[in-house]
Amino acid sequence: MSERSGQELYERIPAKIYDDAQAAVVQVAGEIAAAIRERQASGGKFVLGLATGSTPVPLYRELIRIHREEGLSFANVISFNLDEYFPIDDRHPESYHRFMREQLFDHIDMPDEQINIPKGDVPREEVFDACKEYEDAIVAAGGIDIQILGIGRTGHIGFNEPGSGPKSRTRLVTLDRLTRLDAARDFHGEHNVPRYAVTMGVGTIMDAKKVYLLAWGRSKAEVIRAAVEDDPVENLPASFLQAHENVSFILDTASGSELTRNKYPWLVGFPDWTPELARESVTHLSLKLGKPLLKLVDKDYQENGLSELVTEQGPAYGLNIRVFNEVQHTITGWPGGKPDADDTYRPERAVPAQKRVLVLSPEPQDDVLAMAGTLSRLVAHGHDVTVAYLTSGSLGVPDEEARWAADLMLEAGGGEIAIDVLRELDEKGDFDEDTADLRQFKSYIRRNEARASLERCGLEKERIRFLDLPFYEEGRYRRFVTGERDVVAVKELLQSVQPHQVYVTGEAADPSSVQAKSFSVFEQAISELADEAWLSDCYVWLYRSDGSEWEIHQIEMSVPCSPDEVKTKAQAIYQHRSQRSQVPAINETQSEAWEQAVARNRETSSLYDRLGLAEYEAIECFVRWTVSK
Ligand code: GLP
């Protein structure tokens, strides 16, 4: 079986995986530019189907660059956007009309009359006719030549939510709860997110001559795998693209990571059996068969596509023990290293016994979600712990919380500031952004929550730093742009602490997220400090706080939490009052942040248990980062 045919056994849509989103969009933008130019040469119009969301933003930037630097004209391009919220005013900061103007149309030479976007502001009774006209206009333009798509976490394309049929056309749809939750931050609260949308149908999209579906970041990996590898179903509208004759999925490493060729490479060919891959396949086998590592026998390997591994590195008994020991050695109750102990097989070094530890948290709460237990231990073990919040998190504070705090201040005689805040909240129009003063006030709310939270972990107030990085203060969710000032601030922090250990998150996260932006700033700062002596004695530990967790074979340090530590952790997260659901869940399965975080840590401990290692109440886990990772 050749590698290619092995892959084809699983994949029903051609998928190209690039190192990162930028490399991918350079390729796609180049193909679009070439197609537009070719049509220009023959004097025809080119019809481009466009998408919104954070995913296509780097593509639009690249197209704008080609327009500016390489003279690509869009004068012969007619565009049709996939969708628009309903009802929504064109001027609303989150309307797709405004988004497209800001992200693309204002920067290229496409005539206004050639731009088509479904209308979100027609009276409800006229929507049906407007949808029909939209379909007719696509046909009149000669059909869509290239359609760009993103994908939602529910597997939706455009706003074709689960349940959309393969033949659906442009129409009014009701948005899924998960989609509205995903948009809640952009709209400053779930209750502000429109309930409906107008979207091209799956059938409309299928009529496009060529389709590129783009996806970046880990959060899309599972839905991409299902769309590419599983049977097409209405529950996952993107899977209908399997029937399209000219579709490509354009992925980065993280969004392609769940595809069988990457996740279980031994199923599609003959991989290079590195120790990490061996650990991955053996732990996978153990969990799949429900057998502890030390009970696996040769036959288990042979019957599950792992004959080659057991022949090369077996027999099973020896291989089992090797992997068991590797996994065992990841567990430590001493995240800062155990003083005076032999550290040959420990994740952290024994010396220096007392370390300078720097925990970087993109927004307040990331830190405790992932590592409240570890943080408490580091403090209890006498390390010199500093927690730094890179951004203020002010965008995540609902107006209601600000009003609550300002009312309290006013009653306590707080005066001027409280009056200003309340006036501003009263006068704030539907489409208005928070002023700098209101954002500042909201950031104080988050600072106080963070202090209360870290107090539960035993950390003193003086050990907390708030960096308020400019990229966040000057941006909006999903549209942050980092710069030199951010890097300088993080460099100064690192230089002033000179840590032996840094904890950080955001690697392979959704590239538009605060976590990913913060990580890229950190990465840049570290690369500019490469010559510093302290850096050669510094371990960087990655944690995850975006709802995902490291896989068992990746984990390099596991810190067990006792039942009491789990309680402390829940309390620490609970202090982030502004981040709790604004509407209490009654008779719903929706869970709060602290419940989800603890459930994730319990799941990790259950994996260790199922592999036949010790059974703990919960486990927080980390991966060591080196520049190449
Ligand atoms: C919205 C849009 C989709 C988009 C999706 C994902 O639902 N209607 O077209 O694909 O969001 O957004 P993002 O690209 O920000 O992940």
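The values are calculated or read from the model by the stated rules, or taken from the named source; none is laboratory data. Computed from a predicted structure; not experimentally measured. Because the Cβ atoms are built from the backbone with ideal geometry, glycine has one as well, and the counts that use them run over all protein chains shown. When the accessible area is computed, the model is the full protein with side chains, heavy atoms only, and any ligands, DNA or RNA have been set aside. Shrake-Rupley method; radii C 1.70, N 1.55, O 1.52, S 1.80 Å.
Worth pointing out:
- If the condition is being hydroxyl-bearing (Ser, Thr, Tyr), open to solvent by 40 Å² or more (accessible area, probe 1.4 Å) and assigned to a loop (DSSP other than H, G, I, E, B), then segment 535-580 contributes only Ser562.
- Scope segment 151-170; condition within 16 Å of the ligand (Cβ to nearest atom), open to solvent by less than 30 Å² (accessible area, probe 1.4 Å) and not β-branched (Val, Ile, Thr); matching residues: Gly152, Gly155, His156, Gly158, Phe159, Asn160, Glu161, Ser164, Ser168
- Residue match in segment 117-127 (condition: at pLDDT 95 or above, within 15 Å of Thr204 (Cα to Cα), crowded, with 16+ Cβ neighbours inside 10 Å and touching a strand residue (DSSP E or B) at 6+ places or on another chain (Cβ under 8 Å)): yes
- Looking only at segment 218-253, and only at residues there that are of a type in the set (Gly, Ala, Ser) and at pLDDT 95 or above, the one that is most open to solvent (accessible area, probe 1.4 Å): Ala243
- Of all residue pairs spaced 6 or more apart or on separate chains, none has beta-carbon atoms under 8 Å together with a first member in segment 444-468 that is within 19 Å of Ala406 (Cα to Cα) and not assigned by TED's automatic domain parsing to the domain that holds Ala388 and a second member that is surrounded by 22 or more Cβ atoms within 10 Å (Cβ to Cβ) and modelled with pLDDT under 95.
- Residue check, Ile148 closer than 30 Å to Glu70 by Cα, within 16 Å of the ligand (Cβ to nearest atom) and either open to solvent by less than 50 Å² (accessible area, probe 1.4 Å) or out of contact with any Ser or Thr (no Cβ under 7 Å at 6 or more places or on another chain) (or both): yes
- Every condition in (1) part of a helix (DSSP H, G or I); (2) farther than 23 Å from Val379 by Cα is met by Asp432 except one, and the failing one is (1).
- Verdict on Leu425 being buried (at least 16 other Cβ atoms within 10 Å of the Cβ) and not assigned by TED's automatic domain parsing to the domain that holds Ala380: yes
- Residue check for Leu181: within 12 Å of the ligand (Cβ to nearest atom) and either part of a loop (DSSP other than H, G, I, E, B) or in the same structural domain as Leu59 (by TED's automatic domain parsing) (or both): yes
- Scan segment 308-329 for residues that are open to solvent by less than 30 Å² (accessible area, probe 1.4 Å) and within 27 Å of Ile619 (Cβ to Cβ) and the total you get is 6.
- Residues of segment 254-270 that turn out to be surrounded by fewer than 17 Cβ atoms within 10 Å (Cβ to Cβ) and either among the β-branched types (Val, Ile, Thr) or farther than 12 Å from Tyr10 by Cβ (or both), as a count: 1
- Restricting segment 9-51 to residues that are touching a Phe, Trp or Tyr at 6+ places or on another chain (Cβ under 6 Å) and within 16 Å of Val211 (Cβ to Cβ) leaves a set whose member that is surrounded by the fewest Cβ atoms within 10 Å (Cβ to Cβ) is Ile13.
- Of the candidates Val77, Val173, the single residue that is within 16 Å of the ligand (Cβ to nearest atom), crowded, with 17+ Cβ neighbours inside 10 Å and either farther than 16 Å from Pro56 by Cα or not assigned by TED's automatic domain parsing to the domain that holds Met200 (or both) is Val173.
- For segment 256-268, the condition of being closer than 24 Å to Tyr503 by Cβ and part of a loop (DSSP other than H, G, I, E, B) holds for at least one residue.
One line per residue, one yes/no per condition, for (1) in a helix (DSSP H, G or I); (2) away from the ligand (no atom under 16 Å from the Cβ); (3) over 30 Å from Glu416 (Cβ atoms):
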{"position": "Lys442", "(1), (2), (3)": "yes, yes, no"}
{"position": "Arg447", "(1), (2), (3)": "yes, yes, no"}
{"position": "Asp468", "(1), (2), (3)": "no, yes, no"}
{"position": "Gly475", "(1), (2), (3)": "no, no, no"}
{"position": "Val481", "(1), (2), (3)": "no, no, yes"}
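- Those residues of segment 514-534 which are among the polar types (S, T, N, Q) and surrounded by fewer than 20 Cβ atoms within 10 Å (Cβ to Cβ), in sequence order: Ser520, Gln524, Ser527
- If the condition is being in a helix (DSSP H, G or I), in contact (Cβ under 8 Å) with a residue 60 or more places away in the chain and more than 22 Å from Tyr212 (Cα to Cα), then segment 120-175 contributes Val127, Ala130, Cys131.
- Pairs meeting the criteria (first residue in segment 22-48 and within 18 Å of Asn246 (Cβ to Cβ), second residue surrounded by 15 or more Cβ atoms within 10 Å (Cβ to Cβ) and polar (S, T, N, Q), beta carbons under 6 Å, at least 6 apart or on different chains) are Phe46/Asn76; Leu48/Ser79.
Each row is one residue, and each column tells you yes or no for (1) in the same structural domain as Ala29 (by TED's automatic domain parsing); (2) within 16 Å of the ligand (Cβ to nearest atom); (3) touching a helix residue (DSSP H, G or I) at 6+ places or on another chain (Cβ under 8 Å).
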| site | (1), (2), (3) |
| --- | --- |
| Pro194 | yes, yes, no |
| Ala227 | yes, yes, yes |
| Leu236 | yes, yes, yes |
| Leu241 | yes, yes, yes |
| His244 | yes, no, yes |
| Val247 | yes, yes, yes |
| Ala254 | yes, yes, yes |
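- Residue-level check: of (1) at pLDDT below 95; (2) within 24 Å of Ser239 (Cα to Cα), Ile13 misses just (1).
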